[in-house]
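Beneath this line is the structure, given in structure tokens, with notes to follow.
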Amino acid sequence: MSTLAVETDSLFAKSVEVAEDYLVVDLEDGRKLSVPLAWYPRLQAGSAAERNNWRLIGRGEGMHWPDLDEDISVKALIAGKPSGESQSSFAKWLHQRKLR
């Protein structure tokens, strides 16, 4: 049996869209990745303005949302990895948002 290794060192995002239910990332190689927004609770909890305030980091190796303190790498998207944030950490973050 053979396996296919995916080379992720040369994958870079060029644009991002946060839709109502999905995070969509266009890669420089022409691929489009779409993952459930529920994978990233901070993005899901953010307002449209906060979701649209993003920037590429590391030449496009990832994306950063400063208003939501969220970072997502292209490698994690390719691997199908949702946010690794614990429920207690997310609850604390939500509580801090409500205090603002």
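Values in this text are rule-based calculations from the coordinates and carry no lab data. As the structure is a computational prediction, the values presented were derived from the model and not from experiment. When we count neighbours, we look across all protein chains shown, and the Cβ atoms used for this are built from the backbone with ideal geometry, even at glycine.
Using the Kirkwood formula on the Cα atoms of the chain, what hydrodynamic radius do you get, in angstrom to one decimal?
14.3
Could you work out how far helix 87-99 tilts from the main Cα principal axis of the chain, as a 0 to 90 degree angle to the nearest 10?
Around 50 degrees separate the two axes.
Quick check: net charge around E70, other residues with Cβ under 10 Å of its Cβ, Lys/Arg +1 and Asp/Glu -1?
Around E70, the charge tally is -3.
In segment 13-100, which GluC sites (Glu not before Pro) are in a loop and have at most 10 other Cβ atoms within 10 Å, using DSSP for the loop call?
Counting only loop positions with at most 10 other Cβ atoms within 10 Å, the GluC sites (Glu not before Pro) in segment 13-100 are E20.
Applying 1/(1 + (r/R0)^6) with R0 = 30 Å to the Cβ-Cβ distance of A19 and Q96, what FRET efficiency is obtained, to the nearest 0.05?
0.70
Using the Cα centre as the reference, give the magnitude of the dipole from point charges on the C-beta atoms of the chain (Lys, Arg: +1; Asp, Glu: -1; all else neutral), rounded to the nearest 20 debye.
The calculated dipole for the chain is roughly 340 debye.
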